[in-house]
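Here is the structure we will look at, set down as structure tokens.
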Amino acid sequence: MKPAITLEGISKSFPGVRALSDVSLALYPGSVTALIGENGAGKSTLVKILTGIYQPDAGVIRLADVETAFPTALAAARAGVTAIHQETVLFDELSVAENIFLGHAPRNRFGFIDWKKLNADAAALLHRAGADFDPTIRLRDLGIAKKHLVAIARALSVDARVVIMDEPTAALSHKEIHELYALIERLKADGKAILFISHKFDEIFRIADRYTVFRDGTMVGEGLIVDVSQDDLVRMMVGRAVGSVYPKKEVAIGEPVLTVSGYRHPTEFEDINFELRRGEILGFYGLVGAGRSEFMQSLIGITRPSAGAVKLDGQVLVIRSPAEAIRAGIVYVPEERGRQGAIIGMPIFQNVTLPSLSHTSRSGFLKLANEFALAREYTSRLDLRAASLDQDVGTLSGGNQQKVVIAKWLATRPKVIILDEPTKGIDIGSKAAVHAFMSELAAEGLSVIMVSSEIPEIMGMSDRVIVMREGRIAGRFGRAELTAEKLVRAAAGIETQSNGRAA
Amino acid sequence: MMAKLLKNREILLVVAIVALVALIALRFPAFVTPASFARVYNDTSILIILALGQMAVILTRCIDLSMAANLALSGMVAAMLNTAFPGLPIPLVILVAMALGCLLGMINGTLVWKLNIPPIVVTLGTLTIYRGLIFLLTDGKWINAHEMSDAFKALPRLGLAGVPVLSWLSLLMIALMFLVMSRTPLGRAFYAVGGNPHAAVYTGIDVGRTRFFAYCLSGTLAGLSGYLWVSRYAVAYVDIAAGFELDIIAACVIGGISIAGGIGSVAGAVLGALFLGVIKNALPVINISPFAQMAISGTVIIIAVAVNARAEKRKGRVILRKAEAV
Amino acid sequence: MTDAHLSPRNIPDRLQGRGARILKSWESLLLVVAIAIFLGNSLASPYFLDPWNLSDATFNFTEKAMIAFAMALVIISGEIDLSVASIIALASTAMGYAVQLGVDTPALVAIGLGVGLICGMVNGLLITGLGLPSIVVTIGTMSLFRGLSFIVLGDQAFTGYPESFAWFGQGYFWWVFSFEFTLFVLLAVIYGVLLHKTNFGRAVYAIGNNQTAALFSGVRVARVKFILFLLTGLMAGLASICLTSRLGSTRPSIALGWELEVVTMVVLGGVNILGGSGTIPGVVLAALIMGMVTFGFGLLNVPGIVMSIFIGLLLISVIALPILWQRARRRLAH
């Protein structure tokens, strides 16, 4: 069988970063190839090259044996390469039908957009994607899962030879995922070549025929799915065995530090009650969108809860802003590093000292020597790799940016630190540094809340785990009784029939 | 329900205009006659045409502060052309004004597209340059009514089925813009580029080029308005329509066109301009000093942006599901 | 990844010395331009180097520069205030109105500053309280403030300011140094310290680079922005006192179009219009450049409007040239 499209010797660098070096990939018609790799392994860069967003520095793209190039996204689309993206790259203000056909809308004989045909065609495509809703409604009025189906319908609307699915199931419900599998089977039967990017191994083994593994911008393995085991793939991804990665120390857990009772919000969460003790790492597990980040942000005053009380060291606290939270000793290391964490455009030391300026300055005037001293202390504790402390944070890799962000909040000397997905999208080395450091902090008596969607991380690092689902606490587990299955069941709401529905 | 929500902005504006007119009518019924309406519309025509161009630019997350200066320069060139060659057919003069306007718009567009200079800086710069060029062309001299040919001055006033050509032209532009915005890929690209520029790239839309075309459009409409302004008021000098760029933006803001891009409609731009037009024409009728107009439109802009902001506010994600809905 | 090869510990504070940083800065380029214009002017006109002439020349930028300092902070924080010229008009109208009631000079100053503060407060409340985009709000208040002035004055003018009031716009502090120029220098120092040496200034940069992250880091974003709009209002009030005193009369069209000149001055000074970066020394140099160009053109009898073409070209080219230069260099490197 001849590949529908092949990439050979593709390299791509950005200022200071070698994103891909000499990678190859072949996609075959009627077959699903899983692209596997950690965040930052170069998967998105490859997708962007395939779809004409980026131009490779070296290497060739062959479309059915003919050497070609995708200078623009349009060129890639015309060649029949289409992608369903991780972030729903669609337009909230336009109608569903238009989202499907933007860029290649049917025209009438005067060259104007033919709305009647557009809507009819869109309805047909939606039907094929297993989504029977009105194509004339605006996208902003759809939920995230339906938006995803629109993206899939869009991919079907071009006569694609190659379909790229970038984590297509991330936002879908159980039922929708099964409909997606059926759709993929149909696409396979139509002879499309599918590139399937996913972090979920069950999914990969369920629908992929072939695999390609990336690590740090290089291709480290490829072959048929039937020939490998899950462990093989994990080993290829991380470059070592997984077992001993988590450096969790056994710590004597102290008295309660933070007590949260009756926290609720009209649309995001309710009934949140828990205690956090000194030296404890409390894991918060749940699916994406379970309300964990929303709850944590209400704890530091970004949003206001409608009811509930917080006690810190026995004192009742009212926190109306992050500034007050920091002063009280509760800090939150946000999930979205680029948007909420790092201040790109400012030097490392200024990032680190921003919440601590009241300590490093004198009567409102900056003291640079103090700032550098504080920044040096915390960045070296986190093993930051950088050329100098006055370097722009934006020039660092994701992992090192995360170290700066964590250093920033630690430098305030908090009592409670909340880490929201602390290792999302960072390289293995930085991940280990963050985990080691987290463990060290707990040993020093800091109380840690770790929000994570990665089961190994939750199981490897937590003393206790709270599982959230749809804005409520769905389970609590001690370290001894933790199993991956229990976590998944609680997070997904799968319970045994006899149990009924517990409140 | 969503369709209702979307139409909301325009309907709200219609209601506001009707309420305004009704309020005036309570004490001055003479204001509410077809002839009076036609007069108000005719008087607002130029603002409508300009607001349509500005709308396209704002939709793409840009802004064109140079429209009034473009209008003044194109208008001046049209007037100079007319005085130098009185025999030149007026349609040709209009075409020259539009072509010049388009060229000036292209300059803005190129700077935004090719050099990635923030639109507000570009058009702030070209605003002073374009107006300065008028001075260089004329040495600060005025072109007065008697220097212009009769045909030049008469065209906008010429009645066609009882309606002046000026009104017809603005109606034509509304129709054309409606067609462009709703039935051409370019029009939809304006929405896409402003709504989500990142995603627009993925759908094969060139963001910079789309913005360039938006500026061409606003420039061309400014050029047309240049001729209309100069012929209607029968005078051309450096400072005509000075500060009018803000009225144009005000019309758009009142019309619900989001300064953040991606949201807005032809109907909104037209209604926003009409709202300002009604106020301007009503003031003398209800014996309020015309000097109050500026303060009133300022207040209206602030109210409009506050109302729009509330309408645009994203619906919070509902995570919490009630027990029955799994 | 990228920085893995760098040594893990003992990260130096800075790679470049102070000298190298200053040499490579935008401000050094501005300084060179300023010196070139200064020399050009002295060669072009024999009258330029006279101290009293130079002193006269300062009047055409000092008032705008006062506002530009506060505007620089507003723009660095990622916002903009287009209503400043209208605040001048309203403050001037209020002072003119007060004069008709027989108010004395100290009270006039208080009125000018007070009106400026109130206008700034209105902007600040609309922007930080209701969360509206500053560009639209200040286009609105720009119309509103000047509109109020038009309602009061129509096509009339206020005159008859007390003699002691004239000192602010016409008086000299010492020798050739006018009150306005002295105030300009003083404010340059104050704003320079505020932006570059205080926690407040750091917060302004943080907000301009990433407002959300700044909020998460405990910066009181709304409060800082509110203060910035108050400051701009106050500076516009101050500029209004100086300008009214210098002109000796108030018309509603006073300072028309100044908002654009002030923004131009700030952008020319190297402040990023999108927020996040810029310095007060840059704005000071930009003010001097614009002032000298205006004055030099004046000596050469070039009309003011031609001068504005020059400023417009300058505004676009100072942003375009570095971009083109970088592109050319990249092309050569390949």
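The values are calculated or read from the model by the stated rules, or taken from the named source; none is laboratory data. It should be emphasised that the depicted structure is a prediction, and the values quoted were computed from it without experimental measurement. With ideal geometry, Cβ positions are generated from the backbone for all residues, glycine too; neighbour counts draw on all protein chains shown. What goes into the accessible areas is simple: the full protein's heavy atoms, side chains included, and nothing from ligands, DNA or RNA. Shrake-Rupley method; radii C 1.70, N 1.55, O 1.52, S 1.80 Å.
What residue, of B:Ala222, B:Ala292, is in a helix (DSSP H, G or I), open to solvent by less than 20 Å² (accessible area, probe 1.4 Å) and modelled with pLDDT under 90?
B:Ala292
Could you check how many residues of region C:258-267 are more than 8 Å from every other protein chain (Cβ to nearest Cβ) and surrounded by fewer than 24 Cβ atoms within 10 Å (Cβ to Cβ)?
2
Just one of (1) more than 21 Å from B:Ile205 (Cβ to Cβ); (2) part of a loop (DSSP other than H, G, I, E, B); (3) away from chain B (no Cβ under 12 Å); (4) open to solvent by less than 60 Å² (accessible area, probe 1.4 Å) trips up A:Phe133, so point out which.
(3)
Here are some residues: C:Leu195, C:Leu148, C:Leu186, C:Leu215. Which one is touching a residue at least 60 places away in the same chain (Cβ under 8 Å) and aliphatic (A, V, I, L, M)?
Residue meeting the stated conditions: C:Leu195.
If the requirement is being open to solvent by less than 20 Å² (accessible area, probe 1.4 Å), modelled with pLDDT of 90 or more and either in contact with a His (Cβ under 7 Å, 6 or more places away or on another chain) or among the hydroxyl-bearing types (Ser, Thr, Tyr) (or both), which of these qualifies: B:Thr110, B:Thr126?
B:Thr126
Just checking, how many residues over region A:343-362 are open to solvent by 30 Å² or more (accessible area, probe 1.4 Å) and touching a strand residue (DSSP E or B) at 6+ places or on another chain (Cβ under 9 Å)?
2
Need at least 2 residues that are modelled with pLDDT of 85 or more and open to solvent by 20 Å² or more (accessible area, probe 1.4 Å) per element, so show me which helices (runs of 4 or more DSSP H) inside region A:363-457 make the cut, counting only ones lying wholly within it.
The helices (runs of 4 or more DSSP H) meeting that bar are A:368-381, A:428-443.
Can you tell me which residue within region C:202-228, out of those that are among the polar types (S, T, N, Q) and open to solvent by 10 Å² or more (accessible area, probe 1.4 Å), is nearest to C:Gly120 (Cα to Cα)?
It comes out as C:Gln211.
Quick test of your reading of the structure: C:Ala157 fulfils all but one of (1) touching a residue at least 24 places away in the same chain (Cβ under 8 Å); (2) touching a helix residue (DSSP H, G or I) at 6+ places or on another chain (Cβ under 6 Å); (3) open to solvent by 20 Å² or more (accessible area, probe 1.4 Å); (4) not charged (D, E, K, R). Name the failing condition by number.
(2)
Output the number of the condition that B:Cys62 fails; it satisfies all remaining conditions of (1) part of a helix (DSSP H, G or I); (2) buried (at least 20 other Cβ atoms within 10 Å of the Cβ).
(1)
From C:Ala20, C:Ala89, which residue is away from chain A (no Cβ under 14 Å) and outside any loop (DSSP other than H, G, I, E, B)?
C:Ala89
Kindly check whether there is at least one residue in region A:323-330 that is assigned to a strand (DSSP E or B) and more than 9 Å from chain C (Cβ to nearest Cβ).
yes
Residue-wise test of (1) open to solvent by 20 Å² or more (accessible area, probe 1.4 Å); (2) at pLDDT 95 or above; (3) more than 30 Å from C:Val224 (Cβ to Cβ).
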| residue | (1), (2), (3) |
| --- | --- |
| C:Ser42 | yes, no, yes |
| C:Pro46 | yes, no, yes |
| C:Asp50 | yes, no, yes |
| C:Leu54 | yes, no, yes |
| C:Thr58 | no, no, yes |
| C:Phe61 | no, no, no |
| C:Ala65 | no, yes, no |
| C:Phe69 | no, yes, no |
| C:Ile75 | no, yes, no |
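With the requirement that a residue be within 14 Å of another protein chain (Cβ to nearest Cβ) and either open to solvent by less than 10 Å² (accessible area, probe 1.4 Å) or modelled with pLDDT under 85 (or both), what does region A:471-492 give you?
Once the filter is applied, which keeps residues that are within 14 Å of another protein chain (Cβ to nearest Cβ) and either open to solvent by less than 10 Å² (accessible area, probe 1.4 Å) or modelled with pLDDT under 85 (or both), region A:471-492 yields A:Gly471, A:Ala491, A:Ala492.
Please find, within region A:23-60, the residue that is surrounded by the fewest Cβ atoms within 10 Å (Cβ to Cβ) out of those that are of a type in the set (Ser, Thr, Tyr) and modelled with pLDDT of 90 or more.
A:Ser24
Looking only at region B:114-140, count how many residues are farther than 30 Å from C:Trp325 by Cβ and free of Cβ contacts under 8 Å to residues at least 12 places away in the same chain.
The total comes to 1.
Where residues in region B:1-57 are open to solvent by 80 Å² or more (accessible area, probe 1.4 Å) and of a type in the set (Val, Ile, Thr), which of them is modelled with the lowest pLDDT?
B:Ile11
So which helices (runs of 4 or more DSSP H) stay within region C:106-225 end to end and still have 3 or more residues that are in contact with a strand residue (DSSP E or B) (Cβ under 6 Å, 6 or more places away or on another chain)?
By residue number, C:179-197.
Here is a list of conditions, (1) modelled with pLDDT of 90 or more; (2) more than 12 Å from chain C (Cβ to nearest Cβ); (3) not in a helix (DSSP H, G or I), and B:Ile257 meets all of them except one; can you say which number that is?
(2)
Only one of (1) modelled with pLDDT of 80 or more; (2) over 26 Å from the mean Cα position of the chain (by Cα) is not met by A:Ala151, so which one is it?
The single condition A:Ala151 does not satisfy is (2).
Taking region A:331-349, which residues are at the interface with chain C (Cβ under 7 Å from one of its Cβ atoms) and free of Cβ contacts under 8 Å to residues at least 40 places away in the same chain?
If the condition is that a residue be at the interface with chain C (Cβ under 7 Å from one of its Cβ atoms) and free of Cβ contacts under 8 Å to residues at least 40 places away in the same chain, then A:Arg339, A:Gln340 are the ones that fit.
Out of all the residues in region A:295-314, is one or more within 11 Å of chain B (Cβ to nearest Cβ) and closer than 20 Å to A:Ile458 by Cβ?
Yes, some residue in region A:295-314 is within 11 Å of chain B (Cβ to nearest Cβ) and closer than 20 Å to A:Ile458 by Cβ.
Could you please tell me which pairs satisfy a Cβ distance under 9 Å, a separation of 6+ or placement on different chains, a first residue in region C:42-71 that is closer than 16 Å to C:Gly298 by Cβ, and a second residue that is open to solvent by less than 10 Å² (accessible area, probe 1.4 Å) and among the charged types (D, E, K, R)?
C:Thr58/C:Glu180; C:Phe59/C:Glu180; C:Thr62/C:Glu180
Looking at region B:306-323, is at least one residue at pLDDT 85 or above, on the phi < 0 side of the Ramachandran plot and within 9 Å of chain C (Cβ to nearest Cβ)?
Yes, the conditions are met somewhere in region B:306-323.
Which number in (1) within 14 Å of chain B (Cβ to nearest Cβ); (2) touching a Gly at 6+ places or on another chain (Cβ under 9 Å); (3) β-branched (Val, Ile, Thr) marks the one condition that C:Val115 misses?
Result: C:Val115 passes all but (1).
Please specify each residue of region A:22-78 satisfying the condition of being part of a loop (DSSP other than H, G, I, E, B) and either among the acidic types (Asp, Glu) or within 14 Å of chain B (Cβ to nearest Cβ) (or both).
Result: A:Glu38, A:Thr51, A:Gly52, A:Ile53, A:Tyr54, A:Gln55, A:Asp57, A:Asp65, A:Phe70, A:Pro71, A:Thr72.
I need the full set of residues from region B:235-262 which are among the aliphatic types (A, V, I, L, M), over 18 Å from B:Gly125 (Cβ atoms) and open to solvent by 20 Å² or more (accessible area, probe 1.4 Å), in order please.
Matches in region B:235-262: B:Val235, B:Ile259, B:Ala260.
All but one of (1) within 13 Å of chain B (Cβ to nearest Cβ); (2) more than 25 Å from C:Trp52 (Cβ to Cβ); (3) surrounded by 16 or more Cβ atoms within 10 Å (Cβ to Cβ) hold for C:Ile323, so report the exception by its number.
Single failed check for C:Ile323: (3).
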